[in-house]
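Here's the structure we're looking at; comments come further down.
Nothing in this text is a laboratory measurement; each read-out follows from the coordinates by a stated rule. Bear in mind that the values here come from a model prediction, so they are computed numbers and not experimental data. Ideal geometry is used to build each Cβ from the backbone, glycine not excepted, and the neighbour counts take in all protein chains shown.
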Amino acid sequence: MIGQQEHANGAHFAFTDRWGGVSAVPYEELNLGGAVGDDPAAVLANRELAAKSLGLDPALVVWMNQVHGYDVEVVEGPWGDGAVPAADAVVTARRGLALAVLTADCVPVLLADPVAGVVGAAHAGRPGMVDGVVPAAVAAMAELGAEPSRIVARTGPAVCGRCYEVPQEMRAEVAVTEPAAFSETSWGTPAVDVAAGVHAQLEALGVRDRRASDVCTLESGDHYSYRRDRTTGRLAGYVWLDGQGT
């Protein structure tokens, strides 16, 4: 259920795999995405299972309406009964409030400054990486008191640069913005390495404590991959700080 989990100075980072939930084929088992065609009751049950396995209150997890953009929302609590705004990053200074990001090949980016008490989560697909969603999230955290040099950054399972094949023109366009994302598949065709691009952006911002997952979602049967399966579920990354929300 929880494929990777880490604690760092009161900050918590976790990434799910696809197992341990109740969703049926083709979403089996722990689909956490609510907009992929799965039974809403199954998604709700899966979100409760995942949260409780992490010691979280499911009602204190903030999800996003992700649109492959670069907008950031600063949150103080769950959305409640209102519409969830379109955003690809959320940040908060509320301890105990968990931020969640959904992926199935894109890069889930979890950020925390435990000293300032600020965390952020970002959804970095190729468009979002190019448009700067991660720098935008770091900037929003800084407005809440975070310092890039103190930020701990973790990126989770995503399609790797050896598997993310793209047209040559697209690779060239991405490389103009972020040269570190220039890649080649294991079979010798043009590719983009989104995780490498994200980490280069974080390094340029002064974020030194960075770690990337070694899991490629396309290659791993334990993870969802949109590029591999098309109709499939979504993984989640969670970040939060110790302490109670107020």
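Please determine, by comparing only the residues of region 47-70 that are farther than 15 Å from T103 by Cα and part of a loop (DSSP other than H, G, I, E, B), which one is nearest to the chain's Cα centre (by Cα).
Among those residues, the one meeting the criterion is Y70.
Please go through region 128-152 and give me each residue that is out of contact with any helix residue (DSSP H, G or I) (no Cβ under 8 Å at 6 or more places or on another chain) and of a type in the set (V, I, T), ordered by number.
V133, V152
Being aliphatic (A, V, I, L, M) and touching a residue at least 60 places away in the same chain (Cβ under 8 Å) is the filter here, so list the residues in region 52-91 that pass it.
Of everything in region 52-91, those that are aliphatic (A, V, I, L, M) and touching a residue at least 60 places away in the same chain (Cβ under 8 Å) turn out to be L54, L56, L60, V61, V72, V74.
Is one or more of the residues making up region 158-177 of a type in the set (G, A, S) and touching a Gly at 6+ places or on another chain (Cβ under 6 Å)?
no
Matching residues to (1) closer than 30 Å to H7 by Cβ; (2) among the hydrophobic types (A, V, I, L, M, F, W, C):
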{"position": "M170", "(1), (2)": "no, yes"}
{"position": "A191", "(1), (2)": "no, yes"}
{"position": "S213", "(1), (2)": "yes, no"}
{"position": "H223", "(1), (2)": "yes, no"}
{"position": "W240", "(1), (2)": "yes, yes"}
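List the pairs whose first member sits in region 163-191 and is over 19 Å from A124 (Cα atoms), whose second member is surrounded by fewer than 17 Cβ atoms within 10 Å (Cβ to Cβ) and among the hydrophobic types (A, V, I, L, M, F, W, C), and whose Cβ atoms are under 9 Å apart, counting only residues at least 6 apart or on separate chains?
Matching pairs, first to second residue: P190/M170; P190/A172.
Go through region 4-33 residue by residue and tally those that are under 23 Å from S220 (Cβ atoms) and in contact with a Pro (Cβ under 7 Å, 6 or more places away or on another chain).
Of the residues in region 4-33, 1 are under 23 Å from S220 (Cβ atoms) and in contact with a Pro (Cβ under 7 Å, 6 or more places away or on another chain).
Please give the strands (runs of 3 or more DSSP E) falling wholly within region 173-246 in which 2 or more residues are touching a helix residue (DSSP H, G or I) at 6+ places or on another chain (Cβ under 6 Å).
190-192, 209-212
Which ones in region 92-111 are touching a residue at least 60 places away in the same chain (Cβ under 8 Å), crowded, with 24+ Cβ neighbours inside 10 Å and more than 13 Å from the chain's Cα centre (by Cα)?
L97
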